[in-house]
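Take a look at the structure below.
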2 protein chains.
Amino acid sequence: MHVPFLLNWYLNPYHAPLVVAQEMGFFEKYGIDLAIIEPTNPSDVTKIIGTGAIKLGLKAMVHCFAARARGYAIQSIATVLDEPPTGLISPLKQRIKHIADIQNKRIGYVGEFGKIMIDNLVQEAGFPINCYEAIRVGMDATQAILTGHVDAAIGIASFQQIELEAAGMPSYLMPIDEMAQLGCCCFCSIQVIAHDSFLQDNHQMIHRFLQALQQGLQVTKKDPEQAWKCLIATKPSLNRPVYQKIFQATHPYFSSDLKNVDRDWQKVKNYAQRLKITDAQLSLSECYTNRFFSPV
Amino acid sequence: MHVPFLLNWYLNPYHAPLVVAQEMGFFEKYGIDLAIIEPTNPSDVTKIIGTGAIKLGLKAMVHCFAARARGYAIQSIATVLDEPPTGLISPLKQRIKHIADIQNKRIGYVGEFGKIMIDNLVQEAGFPINCYEAIRVGMDATQAILTGHVDAAIGIASFQQIELEAAGMPSYLMPIDEMAQLGCCCFCSIQVIAHDSFLQDNHQMIHRFLQALQQGLQVTKKDPEQAWKCLIATKPSLNRPVYQKIFQATHPYFSSDLKNVDRDWQKVKNYAQRLKITDAQLSLSECYTNRFFSPV
């Protein structure tokens, strides 16, 4: 079966379990002809999968709530990356260590919901929303910080912070989960999402998809060298020391078994309500399911 | 209207007219919310558009015939890149200047049809198909040549040859069109392709899409500096001298008016028949149309 699969970001080391499963023929073994495609604008992903054009892909947990709230019939069927440390990253010289420090600063965010998160932090700290300037940077947080287009940007410690370090710019990460008192970076966990109609019609295939992905995950965890070879075979432009460091730094955050973690979903549901991107009516059973880990 | 658009290759300077139209808001002005996505494997594109998952995208002319022959209901509605000089690129020290020179060499090809083309050249020159080793390299011809994984690979003068030059490896391009006596590189012209069902239902929208793309093309041609800014704004990793050179070298090959050129389609039809990837039954009117340049 031919299955297009849309990544949440350009293909990078945190996609290793998927890339390993593709490169080592695990999907093929289960009869799945997976076509992995990349967005040029990460904000397009929810809509493309939500409208059912592409039926399977990746997206961060908090977006699953936003998608449902907008009527997009998508569900998370697995977790690939568990709680990667996410926050406001800034050059050390900017001294942005507390939410109060972002006053009069230019802050880069990926898409709509990043801005909502910062607005929320600012308001809960008692400052007006317009105390900072929000600048949409899409996938280019690192470049935007390096060129001085923004003073800080939302990013991941094991990704953008390492890119900055490699470019000779040591940085500080102000963790969003601490500021928002979440106790985990689960809002940013990377989920496998699928359109409801696809889930209804293809239980067996999706079960096999997850089996192949689990095998890709096992190789990634047990044999990082082999996983790295798969990554650079798929995308030779990753063959640079900075991406190798990102891969090493990402390694602890790969999910242990791909399963959705109920506690995380509960927390992010509360957070999404606080951010007013969803309401209490939404049932978690609409948002995620682990049923495809079983064959029937 | 939300319209996912699948590129034929990772986003690169030859996509400038599309990127300019996106970045300068021309699509938006015509009510089109275009989501540009990239393949990780260029061989997936025909199938993804051919099955109607994504309904609009780019692909080289020769693939349009192959797609139709396989029952994929796709048509070309415009030409973006006209006859980019395509051939077998090899380091000068390999001395691959005639088809006879590829005997006992490892030759890189993108996907299925590249191999068919080389096989055809070899056979027409009177050599057995197995006189050379074919190695599939996907989008990585340059890396494969640089690392010595292949001795030569199919590529474009204004793209892979410039990458090799920038990496300090001067190269020779043996033009496929000359060897195959085509008189033009039109088989490799980059077309806008769409699924038939999409064309039937959305004439007005597709007409507006082409108007926006024509405006992007005009800016690209008249104001290359502005087009370059759009390219690096969309994809900051292109902001390197090598890609700027590729953009300059590509500039003469942008189509003048986006229209399909009948002579090219005739030639490539004959070529596709010679390659046995299509038969004489196929009508050119199934393969391309210029009717969407008119409003009705």
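The values are calculated or read from the model by the stated rules, or taken from the named source; none is laboratory data. The model shown is predicted, which means the values in this text are computed figures rather than measured ones. With ideal geometry, Cβ positions are generated from the backbone for all residues, glycine too; neighbour counts draw on all protein chains shown. Accessible surface is based on the protein model in full, side chains and every heavy atom, while ligands, DNA and RNA are left aside. Shrake-Rupley method; radii C 1.70, N 1.55, O 1.52, S 1.80 Å.
Applying the selection to segment B:177-191, what residues are among the small types (Gly, Ala, Ser) and either open to solvent by less than 10 Å² (accessible area, probe 1.4 Å) or closer than 23 Å to B:Ala16 by Cα (or both)? Lay out the reasoning, then the answer.
Taking segment B:177-191 as the starting set, the residues that turn out to be among the small types (Gly, Ala, Ser) are B:180, B:183, B:189.
Answer for segment B:177-191, where residues must be among the small types (Gly, Ala, Ser) and either open to solvent by less than 10 Å² (accessible area, probe 1.4 Å) or closer than 23 Å to B:Ala16 by Cα (or both): B:Ala180, B:Ser189.
Only one of these conditions is not met by B:Arg208: (1) within 22 Å of B:Gly155 (Cβ to Cβ); (2) away from every other protein chain (no Cβ under 14 Å); (3) basic (Lys, Arg). Which number is it?
Of everything listed in (1) within 22 Å of B:Gly155 (Cβ to Cβ); (2) away from every other protein chain (no Cβ under 14 Å); (3) basic (Lys, Arg), B:Arg208 misses just condition (1).
Could you please find all residues in segment B:163-176 being in a strand (DSSP E or B) and open to solvent by less than 20 Å² (accessible area, probe 1.4 Å)?
Residues of segment B:163-176 in a strand (DSSP E or B): B:171-175.
Scanning segment B:163-176 gives a single hit, B:Met174.
Go through (1) away from chain A (no Cβ under 14 Å); (2) touching a residue at least 40 places away in the same chain (Cβ under 8 Å) and name the single condition B:Gln103 misses.
Among (1) away from chain A (no Cβ under 14 Å); (2) touching a residue at least 40 places away in the same chain (Cβ under 8 Å), B:Gln103 violates only (2).
Assess whether B:Asp82 counts as being acidic (Asp, Glu) and away from every other protein chain (no Cβ under 13 Å). Before you say what the answer is, go through the steps one by one.
Working: acidic (Asp, Glu): yes; away from every other protein chain (no Cβ under 13 Å): yes.
Considered against the rule, which asks whether it is acidic (Asp, Glu) and away from every other protein chain (no Cβ under 13 Å), B:Asp82 comes out as yes.
Within segment B:96-103, can one find any residue that is out of contact with any Gly (no Cβ under 8 Å at 6 or more places or on another chain) and under 24 Å from B:Trp265 (Cβ atoms)?
The initial filter retains those residues of segment B:96-103 that are out of contact with any Gly (no Cβ under 8 Å at 6 or more places or on another chain), namely B:96-103.
Now narrow it down to the ones that are under 24 Å from B:Trp265 (Cβ atoms): none.
No, every residue in segment B:96-103 fails to be out of contact with any Gly (no Cβ under 8 Å at 6 or more places or on another chain) and under 24 Å from B:Trp265 (Cβ atoms).
Filter segment A:137-156 down to the residues that are of a type in the set (A, V, I, L, M) and part of a loop (DSSP other than H, G, I, E, B), then identify the one that is farthest from the other protein chains (Cβ to nearest Cβ). Break it down stepwise before answering.
Within segment A:137-156, the first condition is being of a type in the set (A, V, I, L, M), and the residues that meet it are A:137, A:139, A:141, A:144-146, A:150, A:152-154, A:156.
Those left that are additionally part of a loop (DSSP other than H, G, I, E, B): A:137, A:139, A:150.
Numbers: A:Val137: 9, A:Met139: 8, A:Val150: 13 Å.
Checking each candidate, the answer is A:Val150.
Being under 22 Å from A:Cys186 (Cα atoms), free of Cβ contacts under 8 Å to residues at least 40 places away in the same chain and touching a Pro at 6+ places or on another chain (Cβ under 8 Å), is that true of even one residue in segment A:45-52?
The answer is yes; a qualifying residue exists.
State which residue is surrounded by the most Cβ atoms within 10 Å (Cβ to Cβ) when the search covers only segment A:101-114 and only residues that are modelled with pLDDT of 95 or more and part of a helix (DSSP H, G or I).
Looking at residues that are modelled with pLDDT of 95 or more and part of a helix (DSSP H, G or I), I get A:Ile102.
Return yes when A:Ala194 is closer than 19 Å to A:Leu18 by Cα and within 20 Å of the chain's Cα centre (by Cα) and no when it is not.
Values: closer than 19 Å to A:Leu18 by Cα: yes; within 20 Å of the chain's Cα centre (by Cα): yes.
So A:Ala194 fits the description; yes.
Return the residues of segment B:22-38 that are among the acidic types (Asp, Glu) and either under 21 Å from B:His203 (Cα atoms) or not in a strand (DSSP E or B) (or both); say none if nothing qualifies. Working first, answer last.
Of all residues in segment B:22-38, those among the acidic types (Asp, Glu) come to B:23, B:28, B:33, B:38.
Of everything in segment B:22-38, those that are among the acidic types (Asp, Glu) and either under 21 Å from B:His203 (Cα atoms) or not in a strand (DSSP E or B) (or both) turn out to be B:Glu23, B:Glu28, B:Asp33.
Does B:Tyr10 satisfy being open to solvent by 10 Å² or more (accessible area, probe 1.4 Å), at pLDDT 95 or above and within 14 Å of chain A (Cβ to nearest Cβ)?
Details: open to solvent by 10 Å² or more (accessible area, probe 1.4 Å): yes; at pLDDT 95 or above: yes; within 14 Å of chain A (Cβ to nearest Cβ): yes.
Yes.
Restricting attention to segment B:252-263, which residues are open to solvent by less than 30 Å² (accessible area, probe 1.4 Å) and not in a loop (DSSP other than H, G, I, E, B)? Spell out the reasoning first.
We begin by selecting, within segment B:252-263, every residue open to solvent by less than 30 Å² (accessible area, probe 1.4 Å); these are B:254-255, B:258, B:260.
Hit for segment B:252-263 is B:Phe254, nothing else.
Residue by residue through segment B:242-252, note down the ones that are more than 18 Å from B:Tyr10 (Cβ to Cβ) and either modelled with pLDDT of 95 or more or touching a helix residue (DSSP H, G or I) at 6+ places or on another chain (Cβ under 9 Å) (or both).
Pass one, segment B:242-252, residues more than 18 Å from B:Tyr10 (Cβ to Cβ): B:248, B:251-252.
Selection gives B:Gln248, B:His251.
Which is out of contact with any Pro (no Cβ under 8 Å at 6 or more places or on another chain) and either surrounded by fewer than 16 Cβ atoms within 10 Å (Cβ to Cβ) or at positive phi (or both), of B:Gln160, B:Gln226?
Numbers: B:Gln160 fails: either surrounded by fewer than 16 Cβ atoms within 10 Å (Cβ to Cβ) or at positive phi (or both).
None of the others qualify; the one that does is B:Gln226.
When you go through A:Ala249, A:Ala227, A:Ala233, A:Ala212 one by one, which is the residue that is part of a helix (DSSP H, G or I) and touching a Lys or Arg at 6+ places or on another chain (Cβ under 8 Å)?
Values: A:Ala249 fails: touching a Lys or Arg at 6+ places or on another chain (Cβ under 8 Å); A:Ala227 fails: touching a Lys or Arg at 6+ places or on another chain (Cβ under 8 Å); A:Ala233 fails: touching a Lys or Arg at 6+ places or on another chain (Cβ under 8 Å).
Answer to the check: A:Ala212.
Out of (1) closer than 26 Å to B:Ile89 by Cα; (2) open to solvent by less than 40 Å² (accessible area, probe 1.4 Å); (3) within 14 Å of chain A (Cβ to nearest Cβ), what's the single condition that is false for B:Ala194?
(1)
Only one of these conditions is not met by B:Thr220: (1) open to solvent by less than 10 Å² (accessible area, probe 1.4 Å); (2) modelled with pLDDT under 95. Which number is it?
(2)
Which one of B:Val219, B:Val150, B:Val192 is outside the structural domain of B:His15 (by TED's automatic domain parsing) and in contact (Cβ under 8 Å) with a residue 40 or more places away in the chain? Walk me through it before giving the result.
Values: B:Val219 fails: outside the structural domain of B:His15 (by TED's automatic domain parsing); B:Val192 fails: outside the structural domain of B:His15 (by TED's automatic domain parsing).
On inspection, the qualifying residue turns out to be B:Val150.
If a residue must be over 15 Å from the mean Cα position of the chain (by Cα), open to solvent by 10 Å² or more (accessible area, probe 1.4 Å) and more than 11 Å from chain B (Cβ to nearest Cβ), how many such residues does segment A:15-74 contain?
So the answer is 13.
Name the residues in segment A:120-157 that are open to solvent by less than 20 Å² (accessible area, probe 1.4 Å), within 23 Å of the chain's Cα centre (by Cα) and not β-branched (Val, Ile, Thr), would you?
A:Asn120, A:Leu121, A:Gly138, A:Ala141, A:Ala144, A:Asp151, A:Ala152, A:Ala153, A:Gly155
Quick check: is even one residue across segment A:271-280 more than 23 Å from A:Gln215 (Cβ to Cβ), of a type in the set (A, V, I, L, M, F, W, C), assigned to a helix (DSSP H, G or I) and open to solvent by 20 Å² or more (accessible area, probe 1.4 Å)?
If we filter segment A:271-280 for residues that are more than 23 Å from A:Gln215 (Cβ to Cβ), which is where we start, we get A:271-280.
So of that shortlist, the ones also of a type in the set (A, V, I, L, M, F, W, C) come out as A:272, A:275, A:277, A:280.
Subsequent filtering for residues that are assigned to a helix (DSSP H, G or I) retains A:272.
Still in the list and also open to solvent by 20 Å² or more (accessible area, probe 1.4 Å): none.
Looking for residues that are more than 23 Å from A:Gln215 (Cβ to Cβ), of a type in the set (A, V, I, L, M, F, W, C), assigned to a helix (DSSP H, G or I) and open to solvent by 20 Å² or more (accessible area, probe 1.4 Å), one finds none in segment A:271-280, hence no.
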